[in-house]
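A.B. asks: Got a structure for you, questions after.
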Amino acid sequence: MNEYSSKLLESAVKELSRLPGIGKRTALRLSLHLLREDPLVTRHLAEALMKMRDEIMFCKRCNNISDNELCDICRNPKRDEHTVCVVEDTRDVLAVENTAQFNGLYHVLGGIINPMEGIGPNDLNLSHLVERVRTEEIQEIILALPATVEGDTTGFYIFKLLSPFDIKITTLSRGVAIGNELEYTDEVTLGRSILNRLPFDEANRQ
C-alpha cells in the first residue's frame, strides 16, 4: 500500500531525499511546507536551482565555482597573488574564507587521491596547478587538505610534483585534528592552523 496520498507528493519526496543529509521525513516536511507556501516561492526556488545548474561556471584560473570566467577572488586586485592555497573543493574555499586569516588565491583540486574510490592523480586538477606555478609569480603553495590518509597522500604527491620548482610548500599546522574535514573545523582552529602553517616536509615528520 502506498504511504502517500498523492503520487506527485511521493515523487517530490523521492527527489528531495536524494540530497545529502535529507531523509524521507525531512523531504516530506519540506514538500508539505512548499505546498503551504505561495506558489511563487516554489517557482522561484525551482528557477534558482535551474539557473544555478545551467549557468554556473568554474573559474578558469583556480577552478572555484563562479558566475564568470574568473571568480571574484581571482579578480580581486587586493588578493596576494604570490600565495596559493590548495584545497579539495569549493566547500573548503568557503571554510578558509570564513576565517578571515587568508588573503591569497586558491587552487581547487576537485577531489583527493583515493584509490578505494577509483580517484587517481589524473582525475584531479593537478596539471593546471603545475602550469600556474610555472607561469605565475607564485612564491608559496599552502596544502590545506583534509587531515586524513587520503589528504596526506595527495599532499605528498603534490609536494613531489612541485619539487623541481623553487617554491615554498607549507601545510596547515595540526591544530586541525587528524581525520577532520576542513569544512567541519571551527573557524578559530582553522584560522590558527593557517597562520601557524609549517613547511610540508617538517609537518610530515611530526
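A.B. asks: Every residue in segment 83-140 that is among the polar types (S, T, N, Q) and in contact with a Leu (Cβ under 9 Å, 6 or more places away or on another chain), please.
C.D. replies: Hits for segment 83-140 are Thr83, Asn98, Thr99, Gln101, Asn125.
A.B. asks: Also: Among Arg61, Arg43, Arg53, which is the only one that is at pLDDT 95 or above and either surrounded by fewer than 12 Cβ atoms within 10 Å (Cβ to Cβ) or more than 30 Å from Gly120 (Cα to Cα) (or both)?
C.D. replies: Arg43
A.B. asks: Moving on. List the residue pairs whose Cβ atoms are under 6 Å apart, where the first residue sits in segment 6-26 and is touching a residue at least 12 places away in the same chain (Cβ under 8 Å), the second is outside any loop (DSSP other than H, G, I, E, B) and hydrophobic (A, V, I, L, M, F, W, C), and the two are 6 or more positions apart or on different chains.
C.D. replies: Hits for this filter: Val13/Ala27; Val13/Leu28; Leu16/Ala27; Leu16/Leu30.
A.B. asks: List the pairs whose first member sits in segment 98-112 and is assigned by TED's automatic domain parsing to the domain that holds Ile158, whose second member is among the aromatic types (Phe, Trp, Tyr) and surrounded by fewer than 19 Cβ atoms within 10 Å (Cβ to Cβ), and whose Cβ atoms are under 9 Å apart, counting only residues at least 6 apart or on separate chains?
C.D. replies: From segment 98-112, the pairs are Val108/Phe58; Gly110/Phe58.
A.B. asks: Could I ask something else about it? Does Thr135 satisfy being polar (S, T, N, Q) and within 14 Å of Val87 (Cβ to Cβ)?
C.D. replies: no
A.B. asks: Answer with yes or no whether Val93 is in contact (Cβ under 8 Å) with a residue 40 or more places away in the chain and not polar (S, T, N, Q).
C.D. replies: no
A.B. asks: Can you tell me which residue among Val41, Val13 is of a type in the set (Val, Ile, Thr) and farther than 29 Å from Asp67 by Cβ?
C.D. replies: The match here is Val13.
A.B. asks: Quickly run through segment 57-93 and pick out the residues that are part of a loop (DSSP other than H, G, I, E, B), among the acidic types (Asp, Glu) and either under 12 Å from Gly104 (Cα atoms) or assigned by TED's automatic domain parsing to the domain that holds Thr171 (or both). Explain how you work it out, then say what you get.
C.D. replies: Let us first name the residues in segment 57-93 that are part of a loop (DSSP other than H, G, I, E, B), namely 59-64, 67-71, 76-79, 88-89.
Next, only the ones that are among the acidic types (Asp, Glu) stay: 67, 69, 88-89.
The answer is Glu88, Asp89.
A.B. asks: Of everything in segment 123-137, what is under 15 Å from Asn63 (Cβ atoms) and either part of a helix (DSSP H, G or I) or without any contact (Cβ under 8 Å) to a residue 60 or more places away in the chain (or both)? Give them in sequence order.
C.D. replies: Narrowing segment 123-137 to residues under 15 Å from Asn63 (Cβ atoms): 123-133, 136.
Residues satisfying the conditions are Asp123, Leu124, Leu126, Ser127, His128, Leu129, Val130, Glu131, Arg132, Val133, Glu136.
A.B. asks: In segment 27-45, is there at least one residue being touching a Ser or Thr at 6+ places or on another chain (Cβ under 7 Å) and over 16 Å from Val93 (Cβ atoms)?
C.D. replies: Within segment 27-45, one or more residues are touching a Ser or Thr at 6+ places or on another chain (Cβ under 7 Å) and over 16 Å from Val93 (Cβ atoms).
A.B. asks: So, one more: What residue, of Leu94, Leu129, Leu161, is crowded, with 20+ Cβ neighbours inside 10 Å and on the phi < 0 side of the Ramachandran plot?
C.D. replies: Leu129
A.B. asks: Can we say Asp80 is in contact (Cβ under 8 Å) with a residue 24 or more places away in the chain and of a type in the set (Asp, Glu)? Write out each step before concluding.
C.D. replies: Values: in contact (Cβ under 8 Å) with a residue 24 or more places away in the chain: yes; of a type in the set (Asp, Glu): yes.
Taking the combined requirement at face value, the residue satisfies it.
A.B. asks: Same structure again: So for segment 160-168 (the condition being in contact (Cβ under 8 Å) with a residue 24 or more places away in the chain and under 19 Å from the mean Cα position of the chain (by Cα)), does at least one residue qualify?
C.D. replies: Looking for residues that are in contact (Cβ under 8 Å) with a residue 24 or more places away in the chain and under 19 Å from the mean Cα position of the chain (by Cα), one finds none in segment 160-168, hence no.
The values are calculated or read from the model by the stated rules, or taken from the named source; none is laboratory data. No experiment lies behind these values; they were computed from the predicted model shown. In this analysis, Cβ positions are derived from the backbone assuming ideal geometry, glycine residues included, and neighbour counts consider all displayed protein chains.
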